[in-house]
1. Could you please let me know if Gly163 is assigned by TED's automatic domain parsing to the domain that holds Gly137, touching a helix residue (DSSP H, G or I) at 6+ places or on another chain (Cβ under 9 Å) and within 16 Å of ligand 3 (Cβ to nearest atom)?
2. Test of understanding: among Cys300, Cys309, which residue is within 11 Å of ligand 1 (Cβ to nearest atom) and under 19 Å from the mean Cα position of the chain (by Cα)?
3. Given Gly213, Gly190, which one is closer than 22 Å to Val271 by Cα, out of contact with any helix residue (DSSP H, G or I) (no Cβ under 9 Å at 6 or more places or on another chain) and modelled with pLDDT of 95 or more?
4. Out of the residues in the range 169-192 meeting the condition of being surrounded by 19 or more Cβ atoms within 10 Å (Cβ to Cβ) and touching a Lys or Arg at 6+ places or on another chain (Cβ under 7 Å), tell me which one is nearest to Glu208 (Cα to Cα).
5. Do we have any residue at all in the range 59-82 that's modelled with pLDDT of 95 or more, within 18 Å of the chain's Cα centre (by Cα) and not in a strand (DSSP E or B)?
Amino acid sequence: MYTLALETSCDETSAAVIQNGRIILSNIISTQVPIHRKFGGVVPEIASRQHIEYVMPVIQEALDTAQVDLQEIDHIGVTYGPGLVGALLVGVAAAKALSFALDKPLVGVNHMEGHIFANFLSHPELEPPFLALVVSGGHTQLVQIKDYNTFSLLGQTRDDAAGEAFDKIARVMGYPYPGGPQIDQLAKTGDPEAIIFPKALHEKNNFEFSFSGLKSAVLNYLHTEEQRGNRYNVNNVAASFQKTVVETLVEKTMDAAAYCHAEKIAVAGGVSANSALAEAMETICAEQGYAFYRPEPVLCTDNGAMIGCRAYYMALEGHFADLTLNARPSLAITSY
Ligand code: ATP
Ligand code: MG
Ligand code: FE
């Protein structure tokens, strides 16, 4: 079975062809990062226009690379939320047009579920149930994956996402968007004990996150040091901030794993590419006897392949959309 999948929720235009849910035949990602960089973040209107320009060539390249003809496609998966409304609309409109013209079933995919399903692509042996920690540019969530179409949201952030804090702090320190990878790099030669930053909501069995206080504390530190005419040590700031985020994510994930009797833990989303988070999760999971999973780096950030994998498991159980499918900017994780 062949799935054609489209992803345009933010600043990557991506199309993929997936065979039987787990085999990536192609995964073409056209990133707009260099275009948005001079603005310090994603400009929604520019993102929509770029998606319009690139969506058809990216689909064509995905089909060409996979050596699969449009007629051979079994169904079309597309991200319809959450994300930027104008950006989502481009993918949704393209997928609906293809579905109508080719008379192929349409599958509306939740972007966050797609991030989680990236783990199935990197780990052929992985099967539900497992606990997922989703850490991305716009979300921080703990989700129980009970089977391929039954999920339970244990908790999420009340304010900023983890990725947002990484990006904002990097920007104030003068690094280009997106700052997460920069902080990861800087932290490698910094002292994580140099500065004590606050942790929020750390009581047991509280699966909500809050990163806005930590973000403000780091920004205040930077501004205060500047006002005093001190040159702060970027490596120590990065390492101390990153340690605080990683400890919070790890503590809450392990707490949630015990609470829901999970045996396997998977991370997903752009921030799961963070080397300190991966190392900390690997170590603690090994110590405590959990199997640990993480997508390969290219599948951690936005891509069409993860959407194709999610679409396949929806299609298997007949969860199709019709041509009334619309963009849903704040779509929540759902069970089917
Ligand atoms: P969402 O998935 O919530 O809609 P998004 O799609 O914009 O948001 P992703 O593509 O999943 O987010 O991830 C992008 C985020 O990942 C950015 O905030 C980026 O800084 C962060 N990121 C990428 N690599 C790393 C890293 N090595 N360390 C920390 N953060 C990282
Ligand atoms: Mg992106
Ligand atoms: Fe994403």
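1. Against the criterion (assigned by TED's automatic domain parsing to the domain that holds Gly137, touching a helix residue (DSSP H, G or I) at 6+ places or on another chain (Cβ under 9 Å) and within 16 Å of ligand 3 (Cβ to nearest atom)), Gly163 qualifies.
2. It is Cys300.
3. Unique residue meeting the criteria: Gly213.
4. It comes out as Ile169.
5. yes
The values are calculated or read from the model by the stated rules, or taken from the named source; none is laboratory data. What you see is a predicted model, and the numbers here were worked out from it, not measured in a lab. Quick reminder, even Gly has a Cβ in these numbers, built from the backbone with ideal geometry, and neighbours come from all protein chains shown.
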